[in-house]
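Reading through the structure tokens given below for one structure.
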Amino acid sequence: MKANEQPVAEQASAEDRPQPQPRNTFECRNLSVELRSSGGLACICRSIDFEVREGEFVSIMGRSGSGKTTLLRILGGLLSPTPGSTVRYYSEQVDGPPRGVITVFQNYAASLLPWRTVEKNVALGLEGKVSKDEKAERVAEALAMVSLSKRAKDYPWRLSGGMQQRVQLARALAMRPSVLLLDEPFGALDAMTKTTLQDELLHVYEQTGATVVFVTHDVDEALYLSDRVLILQGDPSTIGESVAVQCSRPRDQIETKQSEGFLTLRRKVYEAIMQGHD
């Protein structure tokens, strides 16, 4: 071999080399949940196994009462599963809210403090934790991400429902989370506002690289946003289907939703949700 020659293996470009696989952000094994009801303990979920990879956007779907929100609360450390369940966040057992995980709920109006301006609502989770300058920087950055920079001095009651939900999302983003858990955040909004916020969320997802777990009843919404859709089936529920969404990114509200691949997946997910429905 000549002095200026390299082995063939060393000449391979970075694109040709095996890429490291993303780590699991969450890993759930034999996950079961029992909650108290008027009739005693009720088993909501049983023997659920799944993982969420780092940087992945995963939606959870299922009929009403199947345990979607319950599952999200368990990932966020807000609810404990039954003994024998395993729920790990980056290999550590979840026994409380994990560091870097932020949950955003549907009821945006109740989550905002009406006597505080938009920027002060967004700063709420940072107070006493970072310097004044860093707090201002993070708030400005988060408001820019959700296109609310010009409304920083307004009060929540002066904003539309869609804008109020953006404020709640900005408050989560100001914490610079590695994981966002979203519980039907757009469920109470009109169709046009919902599509706008879906695109805002995708923009945030691309900017931050955060892992996202998203609960929704809307099949089109789940497919438009996600890399994968988990479908809860049965009573008590378990993961009946895990559907990979192979629509290319960036996505477009018209072109993506009219594509043959999207329409095929739409039917598949809808049929999986309705399986066993009387």
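Packing here is the average count of other Cβ atoms within 10 Å per residue, and on that basis the peptides 169-176, 138-145, 85-92, highest first, run 169-176, 138-145, 85-92.
You can think of it this way: the chain between GLN207 and ALA144 has 21.5 nm of extra reach, that is 0.36 nm per residue less the Cα-Cα gap. Dimensions of region 143-188 based on its C-alpha atoms, expressed as ranges along the principal axes with the largest first, amount to 29, 24, 13 Å. Over the Cα atoms of the chain, each weighted equally, I'd like the Debye log10 I(q)/I(0) at q = 0.07, 0.10, 0.12, 0.17 Å⁻¹, rounded to two decimals. Values, matching the q order: -0.30, -0.59, -0.81, -1.40.
Highest mobility in the GNM of the chain, judged by mean-square fluctuation with C-alpha springs under 10 Å and restricted to LYS153, LYS68, LYS257, is found for LYS153. Peptides 108-121, 38-51, 155-168 ranked from most to least packed give 155-168, 108-121, 38-51, packing being the mean of other C-beta atoms within 10 angstrom over each peptide's residues. Of all the options LEU182, LEU232, LEU79, the one that moves most in a Gaussian network model of the chain with Cα springs shorter than 10 angstrom is LEU79.
Across all directions, the average projected area of the convex hull around the alpha carbons of region 163-252 is 6.5 nm². In this rough spin-label picture, where each label sits 7 Å from Cα along the Cβ direction, the ASP190-ALA42 distance is 3.5 nm. Cross-link partners of LYS257 among lysines, defined as those whose alpha carbon lies under 30 angstrom from its own and excluding same-chain residues fewer than eight positions apart: LYS68, LYS194, LYS268.
Over all pairs of different C-alpha atoms in region 48-168, the reciprocal of the mean inverse distance, the Kirkwood hydrodynamic radius, equals 16.7 Å.
Would you mind getting me the FRET efficiency between LYS120 and ARG249? Use the beta-carbon distance for r and R0 = 41 Å, nearest 0.05. So, using R0 = 41 Å, E works out to roughly 0.75.
Across region 83-89, rounded Karplus estimates of 3J(HN,Hα) from the backbone phi angles (6.51 cos²θ - 1.76 cosθ + 1.60, θ = phi - 60°) give x, x, 7, 10, 10, 10, 10 Hz, Gly and Pro being marked x. If R0 is 25 Å, the Cβ-Cβ spacing of GLN93 and ASP235 corresponds to a FRET efficiency of close to 0.35.
At 7 Å along the Cα-to-beta-carbon direction for both VAL130 and ARG266, put a label point, then send me their distance in nm to one decimal. If labels sit at VAL130 and ARG266, their model points lie 4.0 nm apart.
Throughout, read-outs are computed from the coordinates displayed, never taken from laboratory work. Bear in mind that the values here come from a model prediction, so they are computed numbers and not experimental data. All Cβ positions, even for glycine, are placed from backbone atoms using ideal geometry, and neighbour counts span all protein chains on display.
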